[in-house]
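Okay, structure first, notes after.
The values are calculated or read from the model by the stated rules, or taken from the named source; none is laboratory data. The structure presented is a predicted model; accordingly, all values stated were derived computationally and were not measured. Because the Cβ atoms are built from the backbone with ideal geometry, glycine has one as well, and the counts that use them run over all protein chains shown. For the accessible areas, the whole protein counts, side chains as well, though only heavy atoms, and no ligand, DNA or RNA atoms are used. Shrake-Rupley method; radii C 1.70, N 1.55, O 1.52, S 1.80 Å.
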Amino acid sequence: MESLLVSTGVVALAEIGDKTQLLAFILAARFKKPLPIIAGILAATLVNHGLAGALGAWITSAIKPELLRWVLGASFIGMAIWTMIPDEIEDDETQVAKRFGVFGATLITFFLAEMGDKTQIATVAMAAHYATPVWVVIGTTLGMLIADVPAVFVGDKLANKIPMKLVHAIAAAVFAVLGIATLLGAGARFGF
């Protein structure tokens, strides 16, 4: 249960102001069709984070526990630093919409935007840390939806009222605590 709650909370915080949330704002403003956009976000996140969770599970089996602790600890601390760097959206990420309709455009652009993104990397690290990739993927997917669904409905109106620096600082602090705790042996009960 801890893996579900932590991964939901961390990703929900990390996603605020992230480029995929900005993409949700843009798609909502452009198409004004929230349900296919939300369905596209859900499908893209499940596939993307499912792959990330599988990679995290594989890493757990492929790397010796002693080394894994240091890799994961450093990864979480790296995520803390990365979370403090603002994201920007690329114009070509929104151009796909013209060919594939609202759902298809959302699915494709969200999947591609998440490739190598901090929430995908966090999913890999948390799946390896908790050794419960299914719960982590459910949690990170919920976190994405918690952050992105309101963006679809209220768009830029909400973005201007959220203190992004504070939210990013809180998310960075959570990643840092996870990193330090892992380095100090918090994952010992999982064998690393």
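Criterion applied to ALA173, ALA151, ALA122, ALA128 was being open to solvent by 30 Å² or more (accessible area, probe 1.4 Å), among the aliphatic types (A, V, I, L, M) and either modelled with pLDDT of 80 or more or over 22 Å from LYS32 (Cβ atoms) (or both), and the one residue passing it is ALA173. As for the stretch 6-14, it holds no residue that is over 13 Å from the mean Cα position of the chain (by Cα) and open to solvent by 10 Å² or more (accessible area, probe 1.4 Å). Please count how many residues of the stretch 47-86 are modelled with pLDDT under 80 and either buried (at least 19 other Cβ atoms within 10 Å of the Cβ) or in a helix (DSSP H, G or I) (or both). Counting residues in the stretch 47-86 that are modelled with pLDDT under 80 and either buried (at least 19 other Cβ atoms within 10 Å of the Cβ) or in a helix (DSSP H, G or I) (or both) gives 19.
Of all residues in the stretch 1-46, those that are over 13 Å from THR140 (Cβ atoms) and either assigned to a helix (DSSP H, G or I) or not basic (Lys, Arg) (or both) total 24.
Given the residues LEU184, LEU142, which is the only one that is modelled with pLDDT of 75 or more, of a type in the set (A, V, I, L, M, F, W, C), open to solvent by 70 Å² or more (accessible area, probe 1.4 Å) and closer than 20 Å to LEU107 by Cα? When all the criteria are applied, what remains is LEU142.
Checked against (1) modelled with pLDDT of 95 or more; (2) under 10 Å from the mean Cα position of the chain (by Cα); (3) not aromatic (Phe, Trp, Tyr), LEU42 passes all but a single condition, namely (2).
Here ASP117 passes the criteria (1) under 25 Å from TRP70 (Cβ atoms); (2) in contact with a Gly (Cβ under 9 Å, 6 or more places away or on another chain); (3) modelled with pLDDT of 75 or more except the one numbered (2).
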